[in-house]
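See structure below.
The values are calculated or read from the model by the stated rules, or taken from the named source; none is laboratory data. Keep in mind it's a predicted model, so treat the numbers as computed, not measured. Ideal geometry is used to build each Cβ from the backbone, glycine not excepted, and the neighbour counts take in all protein chains shown.
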Amino acid sequence: MTLLLDVVARGAQVLLATHSPVLAALPGARLLEVGPWGIRPAEWRSLEVTENWRAFLADPEAFLRRLS
């Protein structure tokens, strides 16, 4: 995260594909979500990856049961 913030502060543009809600939370990031709908702008709170991690952290056992 620090490295990304540093290079952006120096004027670089970064294109990053991630499944990490932590990296997606980079301040000032323009988020695009890819799915069956194609590509669309998204807000961090509504990203599928953020919602999945939120569900997992709220109740890991219930989340893992849904995977089987």
* Cross-chain or 6+ apart pairs with Cβ under 8 Å, the stretch 45-68 first and without any contact (Cβ under 8 Å) to a residue 40 or more places away in the chain, then surrounded by fewer than 10 Cβ atoms within 10 Å (Cβ to Cβ) -> GLU48/GLY35
* Structure fact -> Apart from one, (1) touching a helix residue (DSSP H, G or I) at 6+ places or on another chain (Cβ under 8 Å); (2) charged (D, E, K, R); (3) at pLDDT below 90 all hold for GLU33; the odd one out is (3)
* Give the number of residues within the stretch 1-23 that are under 25 Å from ARG66 (Cα atoms) and modelled with pLDDT of 90 or more. => 3
* What are the residues in the stretch 27-42 that are under 19 Å from MET1 (Cβ atoms) and either under 9 Å from the mean Cα position of the chain (by Cα) or in contact (Cβ under 8 Å) with a residue 60 or more places away in the chain (or both), if any? -> LEU31
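Of all the helices (runs of 4 or more DSSP H) wholly in the chain, which have at least 1 residues that are charged (D, E, K, R) and at negative phi?
Values: elements: 2-9, 21-24, 48-58, 60-67.
Qualifying helices (runs of 4 or more DSSP H): 2-9, 48-58, 60-67.
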